[in-house]
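S.K.: One structure, as structure tokens, below. Some questions next.
Read-outs: derived from the displayed coordinates by stated rules, not from any lab. Keep in mind that what you see is a predicted model, and the values were worked out from it rather than measured. Here the Cβ positions follow ideal geometry from the backbone for every residue, glycine too, while neighbour counts run over all protein chains shown.
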Amino acid sequence: MPQVVSAEEWQEARDALLVKEKALTKAQDALAAERRRLPMVEWDAGYVFEGPDGKATLLDLFEGRRQLIVYHFMPFTSAGPCPGCSFVVDTMGRQEPLHNRDISRVVTSMATVDEIDAMKKRMEWTVPWYSALGSTFTDDCGVVSFGVSVFLREGDKVYRTYFTTGRGGDQLLSTLRYIDLTPLGRQEAWEEESRGDDGPGYWWRPHDEY
């Protein structure tokens, strides 16, 4: 448990931490700028996916916008969809703010349309989600388990600008940002001694399984 102190001592400690928080914010801003300046590689716009309305190419997934974020959902197993990926999609929120910035966001996975539709109905998710079965898209993106790819469109040409996986996916999870504000944190073993026994993400579930 945190140490109990006077209000004055608390404010002093809070002010000291704020200096570090501001430095981190500036560092994150600088990193985001460096990410935006990454070189890009031309990408095949013709990968074919299967969605609720039939076939769609990678170019179609942009829905006329210039930028596209693709979340690569892990393949379904006999146990069902990946709990961690389900946690990610649960935190995605509405699309309109992204659309306002000329960004489309979709999910793709090596699963059938029926499996995807069943999961969307169960979770009440509305994010566009496409089956990548029959396409080399997932492998070509270098996805081993899950990941996030970012694309930019110039006319009918598509360029890949960014990819992340593993702990890089943390940046997408608004729920973790809230949890990280609390004194007990994520309650995972790596944080501090005796905070918890869970490994990173081991407690993540689809929202109807908590």
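S.K.: Just to verify a number: FRET efficiency for Thr175 and Thr136, C-beta to C-beta distance, R0 = 22 Å, to 0.05?
M.R.: With R0 = 22 Å, the Cβ-Cβ based efficiency is 0.10.
S.K.: Now for a separate question. Provide the gained length on full extension for the span Arg94 to Glu209, in nm with one decimal, where the gain is 0.36 nm per separating residue minus the Cα-Cα distance.
M.R.: 39.2 nm is the gain from fully extending Arg94 to Glu209.
S.K.: Amide H neighbours of Trp129 under 5 Å, counting only residues 5+ apart in sequence or on other chains, H built in-plane at 1.01 Å?
M.R.: Val107
S.K.: Further, regarding this structure: Can you run phi through the Karplus equation (6.51, -1.76, 1.60; θ = phi - 60°) for segment 199-206 and list ³J(HN,Hα) in whole Hz, with x for Gly and Pro?
M.R.: Per residue, the Karplus-derived 3J(HN,Hα) values read x, x, x, 5, 8, 5, 8, x Hz.
S.K.: So, one more: At Leu152 and Asp44, where each label point lies 7 Å from the Cα along Cα→Cβ, what is the point-to-point distance in nanometres?
M.R.: 2.3 nm
S.K.: Need the C-alpha centroid separation for segment 149-186 versus segment 72-104, integer Å.
M.R.: 11 Å
S.K.: Related question: Restricting the count to DSSP beta bridges whose residues both fall in segment 130-210, what percent are antiparallel, rounded to a multiple of 5?
M.R.: In segment 130-210, approximately 90 percent of DSSP beta bridges are antiparallel ones.
S.K.: Let me ask another. So for each of 51-61, 143-153 I average, over its residues, the number of other beta carbons within 10 Å; can you give me the resulting order with the highest mean first? Could you put the intermediate results ahead of the total?
M.R.: Values: 51-61: 15.9, 143-153: 18.9.
Those peptides, ordered most packed to least, come out 143-153, 51-61.
S.K.: Could you give the Stokes-Einstein D for segment 41-165 in µm² per second, using the C-alpha Kirkwood radius, 10 °C, 1.306 mPa s? Working shown, then result.
M.R.: Numbers: Rh = 14.6 Å.
Answer from the Stokes-Einstein relation: 109 µm²/s.
S.K.: Out of all DSSP beta bridges with both ends in segment 1-148, state the antiparallel percent to the nearest 5.
M.R.: Approximately 45 percent, going by the DSSP bridge assignments.
S.K.: If one takes the longest principal axis of the Cα atoms in the chain, at what angle in degrees, from 0 to 90 and to the nearest 10, does the Cα axis of helix 113-123 lie?
M.R.: Compared with the principal axis, the helix lies near 30 degrees.
S.K.: Place the peptides 118-131, 22-35 in order of packing, highest mean first, counting for every residue the other Cβ atoms within 10 Å and averaging per peptide.
M.R.: Sorting 118-131, 22-35 by mean packing, highest first, produces 118-131, 22-35.
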